[in-house]
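A quick write-up on the structure given underneath.
The values are calculated or read from the model by the stated rules, or taken from the named source; none is laboratory data. Predicted model only: the values in this text are computed from it and were never measured. With ideal geometry, Cβ positions are generated from the backbone for all residues, glycine too; neighbour counts draw on all protein chains shown.
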Amino acid sequence: MIFFRICIFLLSFWVIQSFGQGPDSLLLVKKSQFLLDLSHRPGSFTLNDAPPNSIALVHSPKMRERGQQVLKSNNQLYIHFAGGGLLYQMQEPKETDSLLVFKRLDRTENDGYNFAAFLFANGDDIYNIGGYGFWKSNGTLRKFNKDDQEWDVAPVNEEIYLPGISSINWYDQQAAKLYVPYQQKVNAGLIDKEQKSQLIKNVHVLDLKNFQWNLLGKTNNKALELLQNSNTHTPTNQGLLVATEDDVYLIDFKSNQISKIHNSSYAQSLSRLGNQYLRYYYQGKLYLYNTTNHHYDSLLVDQKAFVPTGIPIWEKNFTWIWLILGLVMALIAGVLVYGYFRKKKKPLYLHDQAGSQIKINFTETERSLIKLLLEKYKEGSTATIHEINYVLGTKDKNMGMQKKVRSDVINSINEKYSYLSQEQTALIQSFRSETDKRYFEYLIKKEQVSKIEKWLIND
């Protein structure tokens, strides 16, 4: 035991002397059952961000100020430091060891470009995405290249910014999909306040199988408020577990629904889990580790007890549907207007017994008579036989000729009107004069005026 302590002291002294000014090449972490159990769990786990120096004791002045993240990827356990690409892998411990040794994997030189980035693993591959650095946020996806020991850019179809709180995002391990509930775009180098800090209320999902971002819809306002105001965000296999003062919510991205349990004590238990608690969900339990007093505990999570609230995480964006409907309506309106004016210019036809088309036209004499009667209608009077004979050009003819021409023209007009209107009503109607019952007067009724005026224009 004395020999082991001496070795640990010499190892620590060597680390401090050799790498005190730069990143540590080795990290020493107190051996805990929590980390050992996590290292043997199947699958991948991304734990919540922990405060600086809470997991591993760091000697580098720069690293002492950085938050620490624990990542489990298949059979390996890692520690990652916020704001850069420093990545350490746990070495296989011996039963007699009291410390866990993490060896640095990366050869990162650049730093300070991705604070609050989202760290996750897809199988054996380790990714981080987004973050803030050098006065602006970014949506870059990075993959750790184990051969070159460098972080490479993983190209995607578009740049999607992440929320300022990385734990609000959720990664679906089975489907290899990353869900981003909204975006925060920050650029401190701009004067305009709206461009300097933008909140974009859109839900996106990144498919790691083809590296394509897809827009799911507009972020629901109630879901946004819940995510921003909740105290904790813990990923489970079904979504994010979040807590408020009195309720615990399950944000299920796969089914686009939010469920909850109304239980104040349960909610407060989760709310009190500060950053000093490392936590992860596995098979119905939330496993907890207090990095301050090294207390290891678990909390039961009964997902069947959650009741749907009816609140979706996102709402379908129907803007494109309204655009299409608008275009369709405009097209229909255009067709109707075109048809209307085409119909106005289209000749009116009758068919003879052989089926041939015969164009319906009012003769000049008929048009003159109709115009006379329309003028009389507008004056509020009727047309006399003498006025009609004058228009028909028979004022100097004998009475027999006048009557025959008058009758033929009026009958022709009425027949054409009857066909065009599909009515059995005569256009020109007569009645005996009030002043002299021997004579008739002629008129067009009010309800027929607009029709005949339209046909006169089209004729």
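Tabulated results
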quantity: Cross-chain or 6+ apart pairs with Cβ under 7 Å, region 381-392 first and in a helix (DSSP H, G or I), then buried (at least 19 other Cβ atoms within 10 Å of the Cβ) and β-branched (Val, Ile, Thr); calculated: Leu392/Val409
quantity: Among (1) without any contact (Cβ under 8 Å) to a residue 24 or more places away in the chain; (2) over 60 Å from the mean Cα position of the chain (by Cα); (3) part of a helix (DSSP H, G or I), the one test that Lys371 misses; calculated: (1)
quantity: Within region 144-204, strands (runs of 3 or more DSSP E) holding 3 or more residues that are touching a residue at least 40 places away in the same chain (Cβ under 8 Å); calculated: 170-172, 183-186
quantity: Qualifying residue in region 196-213 (condition: surrounded by 14 or more Cβ atoms within 10 Å (Cβ to Cβ), among the basic types (Lys, Arg) and modelled with pLDDT of 95 or more); calculated: yes
quantity: Some residue of region 420-428 being of a type in the set (Asp, Glu), surrounded by 12 or more Cβ atoms within 10 Å (Cβ to Cβ) and in contact with a strand residue (DSSP E or B) (Cβ under 9 Å, 6 or more places away or on another chain); calculated: no
quantity: Any hit, region 247-258, residues being among the acidic types (Asp, Glu) and exposed (fewer than 15 other Cβ atoms within 10 Å of the Cβ); calculated: no
quantity: Matching entry among Thr365, Thr319 (being modelled with pLDDT of 85 or more and among the polar types (S, T, N, Q)); calculated: Thr365
quantity: Strands (runs of 3 or more DSSP E) contained entirely in region 205-298, each with at least 2 residues that are in the same structural domain as Ser54 (by TED's automatic domain parsing); calculated: 212-219
quantity: Pairs where the first residue, in region 273-290, is closer than 12 Å to Asn48 by Cα and the second is surrounded by fewer than 18 Cβ atoms within 10 Å (Cβ to Cβ) and β-branched (Val, Ile, Thr), C-beta under 6 Å, 6+ apart; calculated: Gln276/Thr292
quantity: Complete set of residues in region 85-111 that are at pLDDT below 90 and within 20 Å of Asp148 (Cβ to Cβ); calculated: Thr108, Glu109, Asn110, Asp111
quantity: Unmet requirement for Leu162, which otherwise passes all of (1) hydrophobic (A, V, I, L, M, F, W, C); (2) over 19 Å from the mean Cα position of the chain (by Cα); (3) under 21 Å from Ile126 (Cβ atoms); (4) buried (at least 19 other Cβ atoms within 10 Å of the Cβ); calculated: (2)
quantity: Residue in region 393-409 that is over 17 Å from Leu373 (Cα atoms), in a helix (DSSP H, G or I), aliphatic (A, V, I, L, M) and in contact (Cβ under 8 Å) with a residue 40 or more places away in the chain present; calculated: no
